[in-house]
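One structure is given here, and the rest of the page talks about it.
Read-outs: derived from the displayed coordinates by stated rules, not from any lab. In this text, all values refer to a predicted model and were calculated from it rather than measured experimentally. No Cβ is skipped: glycine too gets one built from the backbone with ideal geometry, and neighbour counts run over all protein chains shown.
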């Protein structure tokens, strides 16, 4: 059983509901939409990500015979078990392409299928889209805060499990990071890999010089040196002294990595030591509990740092470790549906989002309308799957990454800042007259 | 390639360091320890978890031939590639058993092996132990806040990916939760499953009554009703009216679920409606953005709620979405090693933790000492693997859960509260005279 593709990675209630739908023969077309209800306090926008993994899952999802047998032992009825054995997804999907900037209340993905087929994917679709959208939105903040700097994902160790480590690397690259330390993400997604040495490598050797020399001999193409194990500036002086011997061996030192203390101050001292020794082409790379706020501070104070490794705060989205997202039934059997639970009411019907830009190409306002309405602007939800089949080959990650770069470039100035207080007003997301009329009609009908 | 078991789920620097060690023939015994540097603000203690997954990984870890081939294409040297082909873990592991209460600076797991073997597991050991320890520590807060209540993990959808959803269910159950909604966790770990229906099931039907009736007919053993889709009290009255028809069909309604609004107030109204109809055995279950603080408030105000579904805050440990944990080299080739990076210095040497309890069996103080020292109290680190082989069969999850229950029962009163301010003083973790002397000696040697 593969953790990534099993349909048993779902909530029990999806199966009990399915048992209800199958028992009743309820098989009409349902429309479910995935959207975020509100932004975390420290976000001005979101960056859609994770669609590729959702489509791959929908396309290949099957119940294995032994999974159905196991469910039989959990008391599910033969009629459900038969249905599960034959199951595959034959529905339609519309979605915002990965790398699209988006906002609360806007459907990011829409599934249209017979209700049991659309329902069963709820838990995993949310699990996949939520995580990558959250991480891409977090990573975009570092990208905006440190333009032109090399940004590397270092977060696997404190990511929440295997898949989180892998997909955080993907979402961060999509948002504009340059590389990741996670080897599997290099293999799966073709993301450039970056990595140097840990303190343990230095400590295991009897001297820092020896550790530097041995590491460079074994990794002549990846000669980056961690310099903060004992004394940062002292270590850099040792490296300077070692430089001629490295050159003799044909090794070009690429960079030093700072990982503790006052990074800005160390960077200035280290830059001076290297430059005075004529080693102007050795770059300075910094890591150690970095956040986008810290990056911005280092950039604003012109710390001579060429790149940053960002780990925990990125891979856990530590200031906003979840988005208030949902996957809601909006229409069944041709009738719009609405939930009105206190504080959690939804906009009914099958929807589209139209975006208008200003003359400079900056995004200016979004309109959420009913599917079929015509409005100025570009529709953001595009058809991506019909009757269970993709309408195009999987998009290369680099294309999604280019879209994300264009999206971020299209953000108006007041959405680009890190501090929410800096935003004069939230980005305008409006609702069409027809959609509002439909909401009112349903409201009255339920009263 | 299986995401859960591949050795490529690692940081690139593990491989570059390995290339160094193999190139140099550095193969002496190394001791690495995993520990947490400091507690998050809102934690008084940690609950160790995830050891079983670490041991399973160590035991089975191999490089697949095609993985080695891929690494060849990434520029790694033939001598490393040969080493990887033959690789398996042959080291020793000592660890605190799962469900042990623990504190910062205390090794939770210790790996002793030739340095390349011990090094290569750093990223994944941290990734596994960090997550489950974090979640078990978070879940324990709900267990302490709501004694005697049924607690169910609902968090898969907003957990950070597949493995986070799966292991959050495990860690929560270990800490004392009763059940999970995540089906795969029921299958993998034998955790009881719990689940009802979503709002979509109600919305898809033309009336709430019909939805209740059809759901119960299809799931007669799981007749739990979600009552907040339109109007909570109204829905409960409908259920009361429906009760005779359900009884005719031999269906016993088990519970109603509240999911929005003021849960305490709704629970009181709903309890009264049910009781007045003689339905005193229908339980009330509540969910909806719950946290342990909210649970405590509902418990203190005696809201008539029998159980809680806790999702996002649990599975993301939202108030503390990471622990400041590390896996550090403490000894190599018989010599203690120490890092002294600013603000990140470590205690050197191969260590043990001794715990003393008071007369009532409450934990009273811990002493971190060098392995081999003798001190009063119970040693917390036990041998679990020797030369790559487990010393005992995998511990059943229920045994770990019982240990966790005993551990939580042994907490002194001032560590049981949710609010850190309520703790008079941090739990005393001391360091032995010999350990401190060793630290000073190394400090002088490095100066």
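Side notes on the structure shown:
- Label point distance in nm, residue B:221-residue B:414, each placed 7 Å from Cα along Cα→Cβ: 5.0 nm
- Between 0 and 90°, nearest 10: helix A:208-218 axis offset from chain A longest Cα axis: 60 degrees
- Percent of beta bridges antiparallel (DSSP, the protein assembly as shown, rounded to nearest 5): 65 percent
- Counting DSSP beta bridges with both ends in chain B, the antiparallel % (nearest 5): 65 percent
- Nearest-0.05 FRET efficiency for residue B:301 and residue B:247, computed from C-beta distance (R0 22 Å): 0.10
- Per residue of peptide B:222-230, the mean number of Cβ atoms on other chains within 10 Å of the residue Cβ is 3.
- Beta bridge orientation in segment B:145-315: antiparallel %, DSSP, nearest 5: 0 percent
- Cα gyration tensor category, rounded, prolate or oblate, for segment B:149-233 with a/c compared to 1.5: prolate
- Counted by neighbouring Cβ atoms within 10 Å, the residues A:158, A:440, A:359, A:222 run from fewest to most as A:359, A:440, A:222, A:158.
- In this assembly of identical copies, the label point of residue A:59 (Cα plus 7 Å along Cα-to-Cβ) is separated from its counterparts by 3.7 nm, sorted shortest first.
- Peptide B:261-269 shows a mean partner chain C-beta count of 1 within 10 Å per residue C-beta.
- Between copies, the label points at residue B:417 (set 7 angstrom from Cα along Cα-to-Cβ) are spaced 3.9 nm, reported in nanometres from shortest to longest.
- Comparing B:31, B:429, B:101 in a Gaussian network model of chain B where C-alpha atoms under 10 Å apart are linked, the largest mean-square fluctuation is found at B:429.
- At 7 Å out from Cα toward Cβ: residue A:85 inter-copy label distances (nm, ascending): 4.6
- Candidates B:427, B:230, B:167, ranked by Gaussian network fluctuation over chain B, Cα under 10 Å, top entry: B:230
- Sites residue B:59 and residue A:433 - FRET efficiency at Förster radius 60 Å, r taken between beta-carbons, to 0.05: 0.40
- Look at the stretch A:283-292: the mean tally of other chain Cβ atoms within 10 Å of its residues' Cβ atoms is 1.
- Listing A:436, A:324 from fewest to most neighbouring C-beta atoms within 10 Å gives A:436, A:324.
- Chain A: C-alpha gyration tensor shape, a/c 1.5 cut-off, then a/b vs b/c: prolate
- Ranked by how many other beta carbons lie within 10 Å on average, peptides B:147-155, A:234-242, B:393-401 from highest: B:147-155, A:234-242, B:393-401
- The angle separating the long axis of helix B:122-145 from the principal Cα axis of greatest extent in chain B is about 40 degrees.
- Principal-axis tilt of helix A:162-175 within chain A, Cα atoms, nearest 10 degrees: 80 degrees
- Whether segment A:326-447 is rounded, prolate or oblate, judged on the alpha carbon gyration tensor where a/c under 1.5 counts as rounded: oblate
- Sites residue A:441 and residue A:289, calculated FRET efficiency, Cβ-Cβ separation with R0 60 Å, nearest 0.05: 0.70
- Whole-Å distance, taken between Cα centres, linking segment A:1-73 and segment A:243-283: 50 Å
- Gaussian network model of chain A, springs between alpha carbon atoms under 10 Å - residue of A:74, A:19, A:276 with greatest fluctuation: A:74
- Inter-part distance, segment B:134-198 to segment A:137-162, computed on C-alpha centroids, equals 29 Å.
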